[in-house]
Amino acid sequence: MAHQTHTLPWNVLERNFEYRPAIPVSATAQSLPDIVALQKPLQTEDLLFFSNALAKQTRDFSNFLRQRFCSKAQYAKTAARWLTSDEYEAMPGASTTGKVISERMMEKWRDKDSAHSPSQSQASNSQEDPYADVETWIRAARWTSQGELFYDEKGENKMPGVVKMLLKEAAGVIEQRTVGQSGSGEGEICDEAMETLLLVANHPKTPLMTLRNSGSELETGISSILKSCLHAYLMVNLLFIMREAGSPVCDQLPWDWQHPFPNGVPPQWRYMKCRNFRAVVEFCTLQGDVPGRAGVHDEFFKQGDLFSDMNACQEYLKSLWRIMVVYDLVIREGGGDPDMGQEITRSFQSMFQIPYEIEFGTNRIKLVC
């Protein structure tokens, strides 16, 4: 069944989408099969209703998770003691410079990177990675003419990639009942990543929110990890509910040749041929954003039939949900608004090419069906 079936109105989505098989368009060609939005009279209202429901559920989980950690004032006080070497020398007795990435976390990431991108692993194999120190983050901040700190998106800005890796690690704390008492190395790394994100979000000289949509070419903004998780979460759950409603979208494709099915050729399912599904898979496994995608979607989408192992499928959806919740928490902690309802609406529009218009002055989109 779909994830959080008892709390999210998935039935509202099911009535607005359908599977359309390939249709001949000429004697030698046919259209691609697809999962399409039906453009019903109430589709806009239904999608907005669902987007708001999912946004509220994410926010509620985020607020509940935040209660497990220290107060914002305490994090701000601790973060303020993360100093540059110049500041430390000028303030005898102050805390030493801090670490954004511990050595054990760097070792874990190197192992993961080597499996997904050898070049990325080689690039991050230095024991003295400058982005491990908060001093680098403080010195990288620039001042606007209005006197506000920001991170320049030009050049080799690898900070968004570090934050996305921290988000992936921190998502595991949702599985821990008591922070800091997991008793395992994995659990301790989850706690460490969450604590680090809260400290960076509260540091007066690390403008984390300016990294949401900016970064160098291969290190896109923090929001990219949310976008890929939303695309996958919505698509996989939509397939679930369509199948349960009797749609043939998850049926195995028949072998329509006169010859027997060849040995060694994996069977295909209808959704695998759908244009919109294939676009989501390509978006979620994009190699240009290794920190945001690697280790999140790759293994799940490479396994063939997504529903052959229902336990693995449910675990994948839970992992996406955890990242979405932690993202919501961190953005709010940094003083920003995740605007999750709008992000979900944008995902629907992008995934299914739903007509929309942009609200003047806000750059927000409004679906028009």
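Filter segment 289-308 for residues that are within 18 Å of residue 249 (Cβ to Cβ), part of a loop (DSSP other than H, G, I, E, B) and open to solvent by less than 60 Å² (accessible area, probe 1.4 Å) and give the result.
Once the filter is applied, which keeps residues that are within 18 Å of residue 249 (Cβ to Cβ), part of a loop (DSSP other than H, G, I, E, B) and open to solvent by less than 60 Å² (accessible area, probe 1.4 Å), segment 289-308 yields 304, 305, 306, 307.
Those residues that are open to solvent by 10 Å² or more (accessible area, probe 1.4 Å) and in contact (Cβ under 8 Å) with a residue 60 or more places away in the chain, I need them from segment 42-54; list them, please. Don't jump to the end; show me each part of the working.
We begin by selecting, within segment 42-54, every residue open to solvent by 10 Å² or more (accessible area, probe 1.4 Å); these are 42, 44-46, 48-49, 52-53.
Within segment 42-54, 44, 48, 52 meet the criteria.
Which of the residues spanning segment 326-369 are closer than 25 Å to residue 164 by Cα and aliphatic (A, V, I, L, M)? Give the steps one after another, and end with the answer.
Here is the first cut: in segment 326-369, the residues closer than 25 Å to residue 164 by Cα are 326-351, 363-364.
Residues satisfying the conditions are 326, 329, 330, 331, 340, 344, 351.
Go through segment 120-152 and count every residue that is hydroxyl-bearing (Ser, Thr, Tyr), open to solvent by 40 Å² or more (accessible area, probe 1.4 Å) and at pLDDT below 70.
Qualifying residue count, segment 120-152: 1.
All but one of (1) more than 12 Å from the chain's Cα centre (by Cα); (2) open to solvent by 10 Å² or more (accessible area, probe 1.4 Å); (3) within 20 Å of residue 292 (Cβ to Cβ) hold for residue 311, so report the exception by its number.
Going through (1) more than 12 Å from the chain's Cα centre (by Cα); (2) open to solvent by 10 Å² or more (accessible area, probe 1.4 Å); (3) within 20 Å of residue 292 (Cβ to Cβ) one by one, residue 311 breaks only (3).
The values are calculated or read from the model by the stated rules, or taken from the named source; none is laboratory data. For clarity, every value in this text was computed on a predicted model and none was experimentally measured. Positions of Cβ are backbone-derived with ideal geometry, glycine not excepted, and every protein chain shown enters the neighbour counts. When the accessible area is computed, the model is the full protein with side chains, heavy atoms only, and any ligands, DNA or RNA have been set aside. Shrake-Rupley method; radii C 1.70, N 1.55, O 1.52, S 1.80 Å.
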